[in-house]
Amino acid sequence: MKKVILVLCSLIVSANTAFAVGSCFIAKDDSVVIKCEGDCKIRYSPCSTFKIALALMGYNAGILKDEMHPVWPFKEGYDDFRDAWKQDQTPKSWIKESCVWYSQVLTKHLGMKKFQNYVNKFNYGNTDLSGDKGQDNGLTNAWLSSSLEISPEEQVVFLEKLLSNKLPVSTHAQSMTRNIVYVEDLPHGWKLYGKTGSGYVLNKDRTQNREIKHGWFIGWIAKGDKKIIFVNHIVDDKKEEKHAGPRAKEQVKEKLLQLIEQIENSKNG
């Protein structure tokens, strides 16, 4: 399955030179790649898309209970980059607001041994939780433009396992995780599920290149039993304030809406 993605992507890369290096879009319907653009083999930090993996760990370990529990309070010293983070958070708000500190409280509850074990069992990217060089912060920072990296192709494989209940955690954990990443309703009865992620590209010495941003929007659209997985990853040096993740989301929503119209028109044609 992975080899099919590699072949299709490489063919389109050679024909689509305008696509920025490291940018990638994949859409997969069941076992068939229906769209693949760009360079999808390079690994990047998962950033906040890793919250999907963290939710699976949290629900499986019994730390997360449901969509609204546990409620963890904001404390002085927590990351407060966004105003929405300066208040109590639930699993649902954690995902919706992409709250960094809730993730870090969760990994501290897990502890490094369990955390690493889950990442290994998920075969998640390079599985490297060492964190920033010399900082000993892997437990709280490995996925934040740091040591842990994953490619768009690997994100697709991970999502396929999540949608088919084939990850090495309970079906309850997988079901709850799918529930809390719901985003919105789309036309014709389709629903959008997914998670953004924003960060910086790393230099060869593994320091962050603050000039080059990268962003993710990964997930799936669903209608009844039909599900189409997508991964969108962008790399650019735009100076605008908006993070790359939301821009990746806006970009992919246009593609998904076009895809939905094609599917619905083919039914009526």
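A short reminder: the numbers here are calculations on the coordinates, not readings from a lab. This one's a predicted model, so the numbers in the text were calculated from it and none came from an experiment. Note: ideal-geometry Cβ built from the backbone for every residue, glycine included; neighbour counts use all protein chains shown.
Using R₀ = 45 Å, calculate the FRET efficiency as 1/(1 + (r/R₀)^6) where r is the Cβ-Cβ separation of K41 and E76; round to 0.05. Calculated value: 0.60. Gaussian network model of the chain, Cα springs within a sub-10 Å range: biggest mean-square fluctuation belongs to which of L202, L129, L257? Top of the fluctuation ranking is L257.
With 24 Å as the limit, the listed pairs K166/K195; K92/K113; K86/K253; K161/K223 have K92/K113; K86/K253 beyond it between alpha carbons.
The distance from the alpha carbon centre of the stretch 50-98 to that of the stretch 200-254 is 21 Å, rounded to a whole number. Note on the chain: GNM, Cα springs under 10 Å; of A27, A248, A61, the largest mean-square fluctuation is that of A61. Looking only at S147, S170, S103, which one moves most when the chain is put into a Gaussian network model with springs between Cα atoms under 10 Å? Taking springs between Cα atoms under 10 Å, the residue moving most is S170. Under 14 Å from a label point 7 Å along Cα→Cβ of K239: give me every residue in the stretch 179-212 with its amide N that close. Counting backbone N atoms under 14 Å from the label point, the list is 211-212.
So for the chain, averaging the separation of alpha carbon pairs under 8 Å that are six or more residues apart and normalising by length, what relative contact order in percent results?
Values: 499 pairs, mean separation 55.1, N = 269.
Taking the mean separation of contacting Cα pairs over the length of the chain, I get 20 percent.
Nearest 500 deg cm²/dmol is fine: what mean residue ellipticity at 222 nm does the chain get from its DSSP H runs of n ≥ 4 alone, each adding -39,500 (n - 2.57), divided by its residue count? Walk me through the intermediate numbers first.
Details: 9 runs with 105 residues, N = 269.
Result for the chain, helices only: -12000 deg cm²/dmol.
Just to confirm the filter: which GluC sites (Glu not before Pro) across the stretch 185-269 are DSSP coil and have at most 13 other Cβ within 10 angstrom of their Cβ? Mind showing how you got there, number by number?
On the way: sites: E211, E240, E241, E250, E254, E261, E264; in loops: E240, E241.
Listed in order of number, the matching sites are E240, E241.
List the residue ranges in the chain for DSSP H helices whose C-alpha atoms run 18 angstrom or more along the long axis and whose Kyte-Doolittle average is 0.0 or above. Mind dumping the intermediate values first?
Working: long enough: 2-15 (20 Å, 1.99); 244-268 (36 Å, -1.05).
Length and hydropathy pass: 2-15.
Write out the chymotrypsin sites (Phe, Trp or Tyr not before Pro) in the stretch 16-123 meeting two conditions: DSSP loop, and at most 12 other Cβ atoms within 10 Å of their Cβ.
Here the sparse-neighbourhood loop sites are F81.
Taking a point 7 Å from the Cα of S170 along the Cα-to-Cβ direction, the residues of the stretch 57-80 with backbone N closer than 20 Å to it are 57-72.
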